[in-house]
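Asks: Take this structure first; my questions come after.
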Amino acid sequence: MKLQRRDFMLASAAVGGVARAQTAERIATAVIGTGNRGSYLLSGVLEQPEAKVAAVCDIKPDRLDKAASAAAKDSPATYNDWRRVIDRKDIGAVFIATPPHLHAEMAMAALAAGKHVYCEKPVGVTAAQVGALVKAAKGAKTVFVSGQQLRSGKQLGEAVRRIREGAIGDVMWVKAQRHATADLPHDGTSGDWYFDVAKSGGYLIEQSVHNLDACNWVIGSRPVRACGFGGTQLYKNDPPGRTIFDCASLTYEYQNGVKLSFTQNVFHPRTMPSGGQYIHVYGTKGAVDLMSTATLYPLGKEGQPSVLAEKREESRHAHIMAFYEAITKGTPVPAGIEVGATAALTAILGHEAMVRQTVVNWSDLGVEV
Ligand SMILES: NC(=O)c1ccc[n+]([C@@H]2O[C@H](COP(=O)([O-])OP(=O)(O)OC[C@H]3O[C@@H](n4cnc5c(N)ncnc54)[C@H](O)[C@@H]3O)[C@@H](O)[C@H]2O)c1
């Protein structure tokens, strides 16, 4: 069943200072997986004038109850079986915020049922999952958004645009990192799946997919090959049965010749400088510290650092707003299947290089986006 485009009534609802379209019939929306991220997404859906929360779904009763209470104004139905949510013909949009290994299967079922889909990152943890979802999303007439929400960042977007327009000449090389001061809490909300590589994909695929996506964005290309090493250096068998790495050093080469050096770890001391996340983009005329201040540093002795893109007020739910605008107005999505799949495959490529301990080619993954 394909959804019919609804009729809209323009109303003067002002959200975040921006006039928004008020739908005559709000889009019945379901959130599947109401843990940490799902609760956050739910709060964003509740703020959208175009949406009403028709269903919430989780296999954990406490999280389901919490979500139902948070969305009480919309009186959502509660489910512990996600397939029953997909079966509901009145539901037009589905948010998927379950553990990563479930994303592709759930998203494909929702698309096949004619629903608009907002699927959290990574869109899949294996190339096969990503490839199957690419086919499904490209064949669907409904909207698909991946949870690569950096793409909705205004300051970052402006900095990327300026770099791609030549602000630092030709981009040649990128150095990026994601260093954390600690492992994710072993008894935290995601502790029952995150440390299992088959479920999360590991630190690179589950978390650094954001950083790698931003690198793809600014480089304006995708990798052709990757090599590198990773391992579990500190948290050996901790928590017991752990199968994900706690550090990685990777090198990627892109289709357009740009090289990316990427490192990650979960043991960067809080008090030691140079921690956290950054993306340093080096061009023929200078370099940009992309993630923090978007400052441009000219190459050579002349010239002073300058801000490439000013910090600005940004809605914390911009990505969700873009999803509903795409549904209601047909506007392009900031991170569709091409962005989500390329980001996931970039991370999967790096992961495969570390596991196989050899250079792995993009073509070895067997998926074209
Ligand atoms: N975009 C972002 O910045 C961002 C931030 C955090 C997490 N995430 C992503 O969101 C997803 C969830 O992460 P989280 O931190 O919320 O984890 P979480 O463990 O807190 O939440 C996942 C929820 O899914 C539920 N679940 C598991 N199997 C289910 C099933 N078969 N049917 C219905 N519900 C099921 C779990 O019970 C849990 O409540 C992950 O893919 C993660 O990568 C994205």
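The values are calculated or read from the model by the stated rules, or taken from the named source; none is laboratory data. Owing to the predicted nature of the structure, the values given are computational and were not obtained by experimental measurement. Quick reminder, even Gly has a Cβ in these numbers, built from the backbone with ideal geometry, and neighbours come from all protein chains shown.
Asks: Condition test on Asn211, is it of a type in the set (S, T, N, Q), at pLDDT 95 or above and within 16 Å of the ligand (Cβ to nearest atom)?
Replies: Details: of a type in the set (S, T, N, Q): yes; at pLDDT 95 or above: yes; within 16 Å of the ligand (Cβ to nearest atom): yes.
Yes: the conditions hold for Asn211.
Asks: Considering the stretch 53-69 alone, what residues qualify as being outside any helix (DSSP H, G or I) and surrounded by fewer than 21 Cβ atoms within 10 Å (Cβ to Cβ)?
Replies: The initial filter retains those residues of the stretch 53-69 that are outside any helix (DSSP H, G or I), namely 53-60.
Those that are outside any helix (DSSP H, G or I) and surrounded by fewer than 21 Cβ atoms within 10 Å (Cβ to Cβ): Ile59, Lys60.
Asks: State yes or no: is Gly283 exposed (fewer than 13 other Cβ atoms within 10 Å of the Cβ), modelled with pLDDT of 95 or more and not β-branched (Val, Ile, Thr)? Steps first, please.
Replies: Details: exposed (fewer than 13 other Cβ atoms within 10 Å of the Cβ): no; modelled with pLDDT of 95 or more: yes; not β-branched (Val, Ile, Thr): yes.
No, not satisfied.
Asks: Something else about it: Among the residues of the stretch 287-333, what is the count of those that are among the β-branched types (Val, Ile, Thr), closer than 25 Å to Asn211 by Cβ and not in a loop (DSSP other than H, G, I, E, B)? It would help to see each step written out before you state the result.
Replies: The initial filter retains those residues of the stretch 287-333 that are among the β-branched types (Val, Ile, Thr), namely 288, 293, 295, 307, 320, 327-328, 331, 333.
Going one step further and asking which of them are closer than 25 Å to Asn211 by Cβ, we end up with 288, 293, 295, 307, 320, 333.
Then keep just the ones that are not in a loop (DSSP other than H, G, I, E, B); that gives 288, 295, 307, 320.
Summing the residues that are among the β-branched types (Val, Ile, Thr), closer than 25 Å to Asn211 by Cβ and not in a loop (DSSP other than H, G, I, E, B) in the stretch 287-333 gives 4.
Asks: Residues of the stretch 74-94 being assigned to a helix (DSSP H, G or I), in contact with a strand residue (DSSP E or B) (Cβ under 9 Å, 6 or more places away or on another chain) and away from the ligand (no atom under 12 Å from the Cβ), which ones?
Replies: At the first step, the residues of the stretch 74-94 found to be assigned to a helix (DSSP H, G or I) are 74, 82-87.
So of that shortlist, the ones also in contact with a strand residue (DSSP E or B) (Cβ under 9 Å, 6 or more places away or on another chain) come out as 74, 82, 84-86.
The one that is assigned to a helix (DSSP H, G or I), in contact with a strand residue (DSSP E or B) (Cβ under 9 Å, 6 or more places away or on another chain) and away from the ligand (no atom under 12 Å from the Cβ): Asp74.
Asks: Restricting to the stretch 164-182, give me the number of residues that are surrounded by fewer than 21 Cβ atoms within 10 Å (Cβ to Cβ) and in a loop (DSSP other than H, G, I, E, B).
Replies: Matching residues across the stretch 164-182 total 6.
Asks: Filter the stretch 106-154 down to residues that are charged (D, E, K, R) and part of a loop (DSSP other than H, G, I, E, B), then give me how many there are.
Replies: If we filter the stretch 106-154 for residues that are charged (D, E, K, R), which is where we start, we get 115, 120-121, 135, 138, 141, 151, 154.
Adding the requirement that they be part of a loop (DSSP other than H, G, I, E, B) leaves 115, 120-121, 141.
The total comes to 4.
Asks: Which of the residues spanning the stretch 317-369 are closer than 29 Å to Gly92 by Cα and of a type in the set (Ser, Thr, Tyr)?
Replies: The answer is Tyr324, Thr328, Thr331, Thr342.
Asks: Here's a follow-up. Hey, Ala71 hits all of (1) under 21 Å from the mean Cα position of the chain (by Cα); (2) more than 9 Å from the ligand (Cβ to nearest atom) but one; which does it fall short on?
Replies: Condition not satisfied by Ala71: (1).
Asks: Is it true that some residue in the stretch 95-105 is under 30 Å from Val266 (Cβ atoms), aromatic (Phe, Trp, Tyr) and within 16 Å of the ligand (Cβ to nearest atom)?
Replies: Filtering the stretch 95-105 for residues under 30 Å from Val266 (Cβ atoms) gives 95-105.
After this cut, where a residue has to be aromatic (Phe, Trp, Tyr) as well, the list is 95.
Filter again for within 16 Å of the ligand (Cβ to nearest atom), leaving 95.
Within the stretch 95-105, one or more residues are under 30 Å from Val266 (Cβ atoms), aromatic (Phe, Trp, Tyr) and within 16 Å of the ligand (Cβ to nearest atom).
Asks: All but one of (1) part of a helix (DSSP H, G or I); (2) without any contact (Cβ under 8 Å) to a residue 24 or more places away in the chain hold for Lys199, so report the exception by its number.
Replies: The failed condition is (2).
Asks: Further question on the same structure: Somewhere in the stretch 155-163, is a residue in a loop (DSSP other than H, G, I, E, B) and either more than 16 Å from the ligand (Cβ to nearest atom) or touching a helix residue (DSSP H, G or I) at 6+ places or on another chain (Cβ under 8 Å) (or both)? Please lay out each step first, then the result.
Replies: Filtering the stretch 155-163 down to residues in a loop (DSSP other than H, G, I, E, B) leaves none.
So far as the stretch 155-163 goes, no, none of its residues is in a loop (DSSP other than H, G, I, E, B) and either more than 16 Å from the ligand (Cβ to nearest atom) or touching a helix residue (DSSP H, G or I) at 6+ places or on another chain (Cβ under 8 Å) (or both).
Asks: Give the residues of the stretch 30-52 that are in a strand (DSSP E or B) and within 13 Å of the ligand (Cβ to nearest atom), sorted by residue number. Break it down stepwise before answering.
Replies: As a first pass, look at the stretch 30-52 and keep what is in a strand (DSSP E or B): 30-32, 51-52.
Within the stretch 30-52, Ala30, Val31, Ile32 qualify.
Asks: Scan the stretch 144-160 and report the pairs whose first residue is over 25 Å from Leu42 (Cβ atoms) and whose second residue is in a strand (DSSP E or B), with Cβ atoms within less than 7 Å and a gap of 6+ or a chain change.
Replies: Ala159/Val288
Asks: I'm trying to understand the selection: among the residues of the stretch 334-369, which are under 26 Å from Ser43 (Cα atoms) and outside any helix (DSSP H, G or I)?
Replies: Pro334, Ala335, Gly336, listed by residue number.
Asks: Does the stretch 223-241 contain any residue that is away from the ligand (no atom under 16 Å from the Cβ), assigned to a loop (DSSP other than H, G, I, E, B) and aliphatic (A, V, I, L, M)?
Replies: Filtering the stretch 223-241 down to residues away from the ligand (no atom under 16 Å from the Cβ) leaves 223-238, 240-241.
After this cut, where a residue has to be assigned to a loop (DSSP other than H, G, I, E, B) as well, the list is 232-238, 240-241.
From what is left, the residues that are aliphatic (A, V, I, L, M) are 234.
Taking every residue of the stretch 223-241 in turn, at least one turns out to be away from the ligand (no atom under 16 Å from the Cβ), assigned to a loop (DSSP other than H, G, I, E, B) and aliphatic (A, V, I, L, M).
Asks: Give just the number: which of (1) surrounded by fewer than 20 Cβ atoms within 10 Å (Cβ to Cβ); (2) within 14 Å of the ligand (Cβ to nearest atom); (3) in contact (Cβ under 8 Å) with a residue 60 or more places away in the chain does Gly114 not satisfy?
Replies: Gly114 satisfies every listed condition except (2).
Asks: Within the stretch 83-111, take every residue that is touching a residue at least 40 places away in the same chain (Cβ under 8 Å) and over 26 Å from Ser190 (Cα atoms) and give me the one that is surrounded by the fewest Cβ atoms within 10 Å (Cβ to Cβ).
Replies: Looking at the filtered set, the residue picked out is Asp90.
Asks: Please go through the stretch 25-49 and give me each residue that is under 22 Å from Lys141 (Cα atoms) and either of a type in the set (Ser, Thr, Tyr) or at pLDDT below 95 (or both), ordered by number.
Replies: Those that are under 22 Å from Lys141 (Cα atoms) and either of a type in the set (Ser, Thr, Tyr) or at pLDDT below 95 (or both): Glu25, Thr29.
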